[in-house]
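The values are calculated or read from the model by the stated rules, or taken from the named source; none is laboratory data. Keep in mind that what you see is a predicted model, and the values were worked out from it rather than measured. As a convention, Cβ positions derive from the backbone with ideal geometry for all residues, glycine included, and neighbour counts pool all protein chains shown. All accessible areas refer to the heavy atoms of the entire protein, side chains included, with ligands and DNA or RNA removed. Shrake-Rupley method; radii C 1.70, N 1.55, O 1.52, S 1.80 Å.
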Amino acid sequence: MAKLSFIGAGRMAGAIVRGLIRSGACVPSDIKIIGGANHSAKDLAKETGVIIATSAEDLFAGADAVVVACKPQQFPMLNESYGKLSKEKLVLSVLAGKRLATLTQFFNSARNVVRTMPNTPGAIGKGVTALCSAKTLTTGDRSIVEAICNGLGTTLEIPENMFDAVTAVSGSGPGFFFETISAYEEAAVELGFTPAQAQLLVRQTFLGSLALLQSTQETPENLRNQVTSPGGTTKAGLDALTKNQFRETIKAALLAAKNRSEELGK
Ligand SMILES: NC(=O)c1ccc[n+]([C@@H]2O[C@H](COP(=O)([O-])OP(=O)(O)OC[C@H]3O[C@@H](n4cnc5c(N)ncnc54)[C@H](OP(=O)(O)O)[C@@H]3O)[C@@H](O)[C@H]2O)c1
């Protein structure tokens, strides 16, 4: 069982810690955390039983891997000694936009550095985390990385040059999904349903449709065609979506998010 240390004890660190304990990959005493000036580390330790490190040295002592989970803008303010203390450690970052080059420059004596992009459904173990590493992962390090990420859901290893794209697709994806649900519920209310009725109808329709898609080998296009008869109601709605450039709108949203990720990474 790996011993892990966390720089940062906020939402993302909390989701990973809970996942590690839930899956049995770690017991609370395997995990040390350190926070910033507020009380997140105290709160997480109280909730989960993990240990608060008493110093930078204590945080790194005995750790197999170190998870960096502060905000990207807090990264330049991190204790400088972390660089040296990470000697021969595996470092895994969840920081949006912080490239492997920047991370390896700071953690310059680490045995390997992993960059990840989790997403918010990870908080309930249903997320998808993209990852890449500075050097090829050894079998041992891969199992540590998987233990850390599996509590958040599924993982996908991709080259670093796809990180701006993955930030758009799965990082920002929950935001696009919630906006879609919100627009759909608003439209249902405009058709005359109460907000509660709209919520039930819309959420169950999306939940059920995704479950149906995942239960078959069918493509989404095939399932769409199965509910679309010529001259029917779904066809009328789909024609309105096409006329209003639905697919182009989705592409524009993903491209805008990817471009913004590129700008923020500069
Ligand atoms: N939330 C998400 O869904 C999500 C999704 C993808 C990626 N991420 C990435 O996850 C990272 C963390 O996000 P979050 O939402 O978990 O943020 P958060 O809840 O604000 O947590 C940030 C943590 O960093 C700690 N911290 C601040 N300065 C520090 C320092 N100098 N040394 C050590 N710890 C320090 C904070 O401690 P105090 O608050 O106690 O001062 C807090 O525990 C970000 O880099 C973000 O890009 C988040």
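Annotations for the structure displayed:
- Evaluating residue 65 against the criteria (1) surrounded by fewer than 22 Cβ atoms within 10 Å (Cβ to Cβ); (2) away from the ligand (no atom under 15 Å from the Cβ) leaves one unmet condition, (1).
- Top-ranked residue in the stretch 120-142 [being in a helix (DSSP H, G or I) and in contact (Cβ under 8 Å) with a residue 24 or more places away in the chain; ranked as farthest from the chain's Cα centre (by Cα)]: 141
- Note on the stretch 167-245: enclosed helices (runs of 4 or more DSSP H) holding 2 or more residues that are at pLDDT 95 or above and of a type in the set (Ser, Thr, Tyr) are 173-190, 195-215, 233-243.
- Considered as a group, the residues in the stretch 73-90 that are within 21 Å of residue 163 (Cα to Cα) and in contact (Cβ under 8 Å) with a residue 40 or more places away in the chain include one that is most open to solvent (accessible area, probe 1.4 Å), and that residue is 74.
- Residue count for the stretch 91-110, restricted to those that are surrounded by fewer than 19 Cβ atoms within 10 Å (Cβ to Cβ), within 16 Å of the ligand (Cβ to nearest atom) and among the polar types (S, T, N, Q): 1
- Here residue 19 fulfils each of the conditions (1) in contact (Cβ under 8 Å) with a residue 60 or more places away in the chain; (2) open to solvent by 30 Å² or more (accessible area, probe 1.4 Å) apart from (2).
- Being in contact with a Lys or Arg (Cβ under 6 Å, 6 or more places away or on another chain) and more than 9 Å from the ligand (Cβ to nearest atom) is not true of residue 57.
- Verdict on residue 37 being in the same structural domain as residue 79 (by TED's automatic domain parsing), buried (at least 19 other Cβ atoms within 10 Å of the Cβ), on the phi < 0 side of the Ramachandran plot and within 11 Å of the ligand (Cβ to nearest atom): no
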